[in-house]
Amino acid sequence: MSEPRDEQEVFTLVDEQGNEELYHEMMRFQSDETGKWYICLYPADEENAEEVSIQAFAFEPTTDDDDEIELLPIENDVEWEMVQEVLNTFIDDEGNVNL
């Protein structure tokens, strides 16, 4: 499994109503099992909150100079459980993320 990156990117996600919200990258990793890449994001306005809402997506890394990546839904329970396991390895007993 690839290690999380040190650098955090900012993403703009658009909801069903067309509202834009900024998200910070928490981590991204590649699964040894599936070979797929995954990314976990949290809302920028929750950066200093005690609890944050984490959104997880699959994505295909780009090979060109375009910085945009297409976030894809995680569509099966096996992938969700694997992403949750990876997240849990970086969350301590108090709920703090240690990357």
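Things to note:
- Checked against (1) within 9 Å of the chain's Cα centre (by Cα); (2) over 22 Å from D92 (Cα atoms); (3) among the aromatic types (F, W, Y), W37 passes all but condition (1).
- Residues of the range 25-39 classified as surrounded by 14 or more Cβ atoms within 10 Å (Cβ to Cβ), over 11 Å from P61 (Cβ atoms) and without any contact (Cβ under 8 Å) to a residue 40 or more places away in the chain, total: 1
- Filtered residue count, the range 56-76, keeping only those that are surrounded by 16 or more Cβ atoms within 10 Å (Cβ to Cβ) and part of a strand (DSSP E or B): 4
The numbers here are math on the coordinates, done by the rules we state, and not lab data. For clarity, every value in this text was computed on a predicted model and none was experimentally measured. We place every Cβ from the backbone using ideal geometry, glycine too, and count neighbours over all the protein chains shown.
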